[in-house]
1. Return the average number of partner chain Cβ atoms within 10 angstrom of each residue Cβ along peptide A:100-113.
2. Determine the gain in length on full extension of the stretch A:V80-A:V49; use 0.36 nm per residue of separation and subtract their C-alpha separation, reporting nm with one decimal.
3. Express the relative contact order of chain A as a whole percentage, based on alpha carbon pairs under 8 Å and six or more residues apart in sequence.
4. If one computes the Cα centroid of region A:139-163 and of region B:135-169, what distance in Å separates the two points?
5. Quick one: if you stick a label point 7 Å off each Cα along the C-beta vector at B:E9 and A:K91, how many nm between them?
6. Over all residues in B:84-96, what is the mean tally of Cβ atoms on other chains that come within 10 Å of each residue's Cβ?
7. Label points 7 Å out from Cα along the Cβ direction at A:K158 and B:E21: separation in nm?
8. Kindly express, to the nearest 10 degrees and within the range 0 to 90, the angle between helix B:19-29's C-alpha long axis and the longest C-alpha principal axis of chain B.
Amino acid sequence: MSKIVALIGSPKPKKSSSSAIVHRISEILHKDITQYRALDIINAPNRNVIENEILQADILLFVFPLYVDSLPGSLLEAMVDLEKTLQNSTKSLPKVYAICNCGFYDAEQTTIALDIIQNYCHKTGLTWEYGIGIGCGGMIAEDPSKIKAQGPLGNIFKVLSELCTDISQGFNEKKDNIFVKASIPRFLYHFGGNMGWNIIAKHNNVKKMLRAKPHDITKN
Amino acid sequence: MRALLLYDEASENFNGVNLAEEVKNFLESKGFTTKARKIIGSEFKPCIGCFGCWVKTPGLCVLKGDKANEINNDMINAQVLVILTNIQYGSYSKDIKKYLDRQIPNISPFFTIINGETHHQKRYNSYPCFVGIGYSANVSDTEKKTFKTLVQRNSINFHAPKTLPLVIGNEVDISKGISELSNFLVEVSS
């Protein structure tokens, strides 16, 4: 079976929802996936070695959270660096799938981020397959076991399972990007999210300051 | 009125033209007191996705030792924000994006609905109008489209009252862009 490498765009040092998604894909495929965190690559003394390892893959997964409507800065930086290694590569280049999870309810808000990865593939010669945009990403909560067939994240599990089928069967037909979110009404997602911020802020003794305006020179 | 111009290093020499200086001078000529800041990625720590800016020190990034909070202050107290950036795959340049990831303290963690979509609520009563100027001598039509859409989408999350996305690929685009910027600034000032 093909060699799969995941480039993780989340800057979180340990657990992240991006690595949880990769963990789940690895379980569905019954196959190890080598993960590299973009932030580690750009700071690595042996960056070129890692980049060459990434390009040894048959399948390259870009898995990242939506940051300000697009890619986390560290992922973008790792991609710019990788482009130089790509230009010198004489091997056949990996097929690319991108998965962007977003904290907003609407999965479609990942559209531009997936387009940026597609533009990157077009420019560098990587083979773009398709992207998956995930809404309600907060519900993954950095825990792979939340992504399961039953329950509110069942839709997401199903799409990831289809991706695994495409990967393992060497699917070659072009697909449009897929957008998927949890089976939960918007008001409930908002309620849960807003309550979560209040609980954490209370724990940090700053609940009354949550709406602070430290840069407001008019103090209104 | 105040303008904040954020630009990356390469904008100081685009086909021999110092775009940063051109834009700054133009804003000044239109009566905007302009603070120009060059954004060098290595001078900023990367956002680590901790949300401390929302739940530990609300409104302020918890990472110390760089100018992100200072620039966030400039942004809130400007009437116009202009970002001048090299276009990278349809995105902002890596330097500009590294800073932009650090400006989320300026919005609230709480959700709201805008145009039928989930977004974050405002933290402040007012936000600057937003001009996103992307430049590249080697940009495809698809990347241009991605960049303009990105600027429009950002304007929703930046709570910008008005937005202008511009793409500059050559000298003709510069004069065309200046004309569009001129009309936009008249709108902002009125």
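1. Details: counts 0, 0, 1, 5, 6, 5, 4, 0, 1, 6, 0, 3, 11, 4.
Per-residue shielding by partner chains comes out at 3.
2. Length gained between A:V80 and A:V49: 9.6 nm.
3. Values: 367 pairs, mean separation 42.8, N = 220.
Relative contact order of chain A: 19 percent.
4. Using only Cα atoms, the two centres lie 33 Å from each other.
5. 3.1
6. 6
7. 6.0
8. So the inclination is approximately 80 degrees.
Read-outs: derived from the displayed coordinates by stated rules, not from any lab. Because the structure is predicted, anything quoted here is derived from the model rather than measured. We place every Cβ from the backbone using ideal geometry, glycine too, and count neighbours over all the protein chains shown.
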